[in-house]
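What follows is a single structure, written as structure tokens, with notes after it.
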Amino acid sequence: MRYFIGNWKMFGVPKSINILRKINSFCSKDKNRKKYRVIITPPYTLIETYSKYFQNKRIAIGSQNCYQKDQFSSNTAAVSPFMIKNVGAKFTLVGHSDNRAEGDTDKMLKDKVSYALKNNLKVVFCIGENKLEKKRKKTFAVLKNQLKKVLDKKFNQNNIIVAYEPIWSIGTGKIPSSVELKKTIIHIKKQLKKIFRKKKTLPVLYGGSVDGNNVKMFKEIREIDGFLIGGASKSSKKFIDIIKNYYR
Ligand code: PEP
């Protein structure tokens, strides 16, 4: 199974649903549709209406983040996994580099994953090194640490997907070389096997400037189980092109 996950970030109003209707209509007719899942994470404001609309359709709706508490609390503007689940989300991203940059610590991320899973949300856990860490050849150590500090053997690995997103690649048009990326994905899968002490590994996605052209290079790396797509997920044509070219 492959995953194409679109992260809308701070984008979208109710009528932006038209973008997703086009993607959904492509996916409903696509001969490869059984080979992949499409998940879109709009902002909190749109989760309920979009989830209702796409119930029993080809797109699952997720959240971009969640607060590190279970149900209700006195944290102004916070939205808990319980609340997200109750408006129809099936997934949540946790640990996106935007949110790490705004102060999400490993401890907070661990609580987010834990409460999200408790509320039956599947978690897409994001990791990735920055430019300096890459330059200093610290990538493998950074990723190992990010995984170890947050993921726990007690978590149900069937409900977790890992997304590798090098920070220097997000929104920049820069992508890792295919040799480098293959090694990194294999490294991540090895770490995940160690953490969960299971033979079967979790799906590992790549994210960072994925588009309809470079996806042809990524598809050669069989270890990549799918993609987390930012910019290109705001256009139905660009998002559909990624799927089309992946299976071409
Ligand atoms: C992202 O923000 O998760 C992302 C991958 O963005 P982009 O595809 O625009 O690089």
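For the residue pairs Lys118/Lys216; Lys149/Lys216; Lys112/Lys183; Lys15/Lys200, the C-alpha atoms sit more than 31 angstrom apart in Lys118/Lys216; Lys149/Lys216; Lys15/Lys200.
Across the range 49-207, the fraction of Cα-Cα pairs farther apart than 28 Å, rounded to a whole number, is 23%.
A simple charge model with +1 on the Cβ of Lys and Arg, -1 on the Cβ of Asp and Glu and nothing else charged puts the dipole of the chain at about 1100 debye relative to its Cα centre.
Only one residue of Ile242, Gly128, Gly208 has its Cα farthest out toward the positive end of the dipole of the chain, where Lys and Arg carry +1 and Asp and Glu -1 on Cβ, and that residue is Ile242.
Helices in the chain, meaning DSSP H runs of at least 4 residues, each add -39500 (n - 2.57). Divided by all residues, the mean residue ellipticity at 222 nm is -11500 deg cm²/dmol. Charge tally around Phe218: other residues with Cβ under 12 Å, Lys/Arg +1 each, Asp/Glu -1 each, net +1. In the range 152-248, taking the dipole from charged Cβ atoms about the Cα centre, the farthest positive-side position among Pro166, Asn156, Phe218 is held by Asn156. In this calculation the C-beta distance from Lys148 to Lys57 is compared with R0 = 45 Å, giving a FRET efficiency of 0.75. Extension gain for the segment Glu180 to Lys107, taken as residue separation times 0.36 nm less the Cα-Cα distance, is 23.3 nm to one decimal. Counting Lys and Arg as +1 and Asp and Glu as -1, what is the net charge of the other residues whose Cβ lies under 10 Å from the Cβ of Leu205? Every neighbour counted, the sum reads -1.
In this structure, the residue pairs whose Cα-Cα separation is over 30 Å, taken from Lys131/Lys238; Lys9/Lys148; Lys90/Lys135; Lys90/Lys137; Lys31/Lys144, are Lys90/Lys135; Lys90/Lys137; Lys31/Lys144. Could you check what % of the DSSP bridge pairs in the chain are antiparallel, to the nearest 5? So the antiparallel bridges amount to about 0 percent of the total. Using C-alpha pairs below 8 Å separated by at least 6 residues, the relative contact order for the range 2-246 is 19 percent.
Read-outs throughout are calculated quantities, based only on the coordinates presented, and are distinct from any laboratory measurement. Just so it is clear, the model here is predicted, and its values are computed rather than measured. Note that we place each Cβ from the backbone using ideal geometry, even for glycine, and neighbour counts take in every protein chain shown.
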